[in-house]
Amino acid sequence: ELLLGEAVSLAQGADRVTAAAWLGVLRAHQSRAGEALTLLRPAARGQIGAEHTSATLHALLFTGHTHALAGYPALALDAFTRYTAEVERRQVPRFAGRAVNFAGWVLRSLGARQEALDHHHEALETGRSHGTAETTIAALEDLAEQCVDDGDAAGAESRLGEARELLRGDLVFGWRLELKLALLTGRLALLGGDAELAARSADELEDRATALGVPRYVSVARLLRHRARRRMGLPVDAAHVTADLDLLDAAVAVEAWWWTGDLAADLGSPALLDRSAERTARLARNAGRYADSLTKAADRRMGAWRALLSAR
């Protein structure tokens with residue numbers, strides 16, 4: 001952060017655009033959406049030369065990532081489409097598949113689950129064919145997450161096992177892949193009924209994400225711990241829940257509706273179900289042509305959550 005800030009202040013011309021893009025990527029990981037988009041915008045226009053290809057493509061990729069975190073999924077998907085077109089235009093296959101996989105993540109939270117699955121499989125094939133471990137790992141993790149969402153513990157464990165085997169050495173954004181692996185390990189433990197392991201995984205994830213300054217994972221780690229504690233019969237502080245949901249809204253809004261709903265079901269809270277419905281409506285307003293699929297998916301999940309509350 002210090003070095004990139006200094007580079008932005010010292011560089012000129014295309015070099016300044018590049019430095020700003022890398023600082024913008026950092027701000028995206030920090031969920032500082034307004035700053036990130038401002039810094040990324042010059043490089044994302046794609047007007048600088050071939051020697052700045054990496055900065056241009058990362059600017060487009062993290063423009064989409066930032067829009068998703070801020071709760072603007074239609075804008076996110078548009079940026080990912082532009083990224084893929086730019087990869088083809090610049091003929092740099094080593095960058096292929098990354099935006100396809102990111103798009104799958106957004107589509108899954110919009111209820112377009114089969115389309116998301118297709119995107120993740122495409123990214124996985126691309127990563128394997130081009131030998132890019134980061135894309136392969138990311139696709140495997142997202143496929144595992146979809147398995148967790150579907151209640152398929154065996155499928156999730158298989159995908160995570162593949163990801164773990166590859167997640168070693170000096171990887172670009174390897175730390176981010178490690179954070180997601182830790183999150184999915186905890187969610188899988190909760191799915192399998194091991195609330196104590198889920199809670200430990202959440203604690204470790206929160207510590208690591210806090211040290212790195214990545215609120216996107218701090219928020220979900222805390223929510224996972226709340227769910228695990230309730231499964232263990234331990235008390236959950238209502239004020240902490242509210243604060244952590246507020247952090248979730250600010251850090252990863254595209255996922256807020258379903259995280260809130262899952263937590264509501266575990267805590268037996270009708271008020272949190274109402275909050276989930278409000279977050280769904282907010283996201284739908286920015287979901288473009290996927291607004292209907294999101295609403296239908298949320299209605300199905302809401303029915304299941306309400307059934308759990310009624311059974312208590």
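The values are calculated or read from the model by the stated rules, or taken from the named source; none is laboratory data. In this text, all values refer to a predicted model and were calculated from it rather than measured experimentally. Every residue, glycine among them, receives a Cβ derived from its backbone with ideal geometry; neighbour counts consider all protein chains shown. With ligands, DNA and RNA removed, areas are computed over all heavy atoms of the protein, side chains included. Shrake-Rupley method; radii C 1.70, N 1.55, O 1.52, S 1.80 Å.
Listed values, structure above:
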{"read-out": "Relative compactness, segment 37-147, computed as alpha-carbon Rg over 2.2 N^0.38 Å", "value": "1.02"}
{"read-out": "Rounded, prolate or oblate (a/c below 1.5 giving rounded, otherwise prolate when a/b exceeds b/c) for segment 205-312 by Cα gyration tensor", "value": "oblate"}
{"read-out": "Listed residues T66, G186, L3: farthest to the positive end of the dipole of the chain (Cβ charges)", "value": "T66"}
{"read-out": "Cα centroid separation - segment 76-95 against segment 140-206, whole Å", "value": "28 Å"}
{"read-out": "Hull volume in cubic angstrom per residue (convex hull over the Cα atoms of segment 106-263)", "value": "107 Å³"}
{"read-out": "Cα gyration tensor, segment 43-95 - rounded (a/c under 1.5), prolate or oblate", "value": "prolate"}
{"read-out": "Residues of the chain: accessible area per residue with a 1.4 Å probe, Å²", "value": "44 Å²"}
{"read-out": "For segment 123-129, Karplus couplings with θ = phi - 60° (6.51, -1.76, 1.60), whole Hz, Gly/Pro x", "value": "5, 4, 5, 5, x, 5, 6"}
{"read-out": "Distance between modelled label sites at R45 and T210, nm, 7 Å Cα→Cβ extension", "value": "4.2 nm"}
{"read-out": "Nearest 10 degrees, 0 to 90: helix 13-29 Cα axis against the chain principal axis", "value": "10 degrees"}
{"read-out": "With Cα atoms, 0 to 90° folded angle of helix 270-284 axis to the chain main axis", "value": "30 degrees"}
{"read-out": "Per-residue ³J(HN,Hα) for segment 83-97, Karplus 6.51 cos²θ - 1.76 cosθ + 1.60, θ = phi - 60°, Hz, x for Gly and Pro", "value": "4, 4, 5, 6, 4, 5, 5, 8, 6, 10, x, 5, 8, 5, x"}
{"read-out": "At R0 = 25 Å, FRET efficiency that the Cβ-Cβ distance of D203 and R168 yields, to 0.05", "value": "0.60"}
{"read-out": "Rule-of-thumb Rg ratio for segment 1-77 [Cα; 2.2 N^0.38 Å; N residues]", "value": "1.02"}
{"read-out": "Residue-span extension gain [Q12 to D118] - 0.36 nm each, minus C-alpha spacing", "value": "34.0 nm"}
{"read-out": "Label-point separation in nm, A238 to A307, each point 7 Å along Cα→Cβ", "value": "2.8 nm"}
{"read-out": "Loop sites in segment 111-194: trypsin sites (Lys or Arg not before Pro), DSSP, at most 10 other Cβ within 10 Å", "value": "R168"}
{"read-out": "Structure-based [θ]222 nm, the chain - -39500 (n - 2.57) summed over DSSP H runs of at least 4, per residue, nearest 500", "value": "-26500 deg cm²/dmol"}
{"read-out": "Protein accessible area in the chain, 1.4 Å probe - carbon and sulfur %", "value": "53 percent"}
{"read-out": "The chain: radius of gyration and largest Cα-Cα distance (Dmax), Å", "value": "19.2, 63"}
{"read-out": "Semi-axis lengths, Å, segment 158-247, gyration tensor of Cα atoms, sqrt of 5 times eigenvalues", "value": "24, 17, 8"}
{"read-out": "Point-to-point label distance, A281-E1, nm (Cα→Cβ direction, 7 Å offset)", "value": "3.6 nm"}
{"read-out": "Whole-Hz ³J(HN,Hα) from phi, Karplus 6.51 cos²θ - 1.76 cosθ + 1.60, for segment 151-159, glycine and proline x", "value": "x, 9, 5, 5, x, 5, 5, 5, 5"}
{"read-out": "Degrees, to the nearest 10: 33-44 long Cα axis against longest axis of the chain", "value": "30 degrees"}
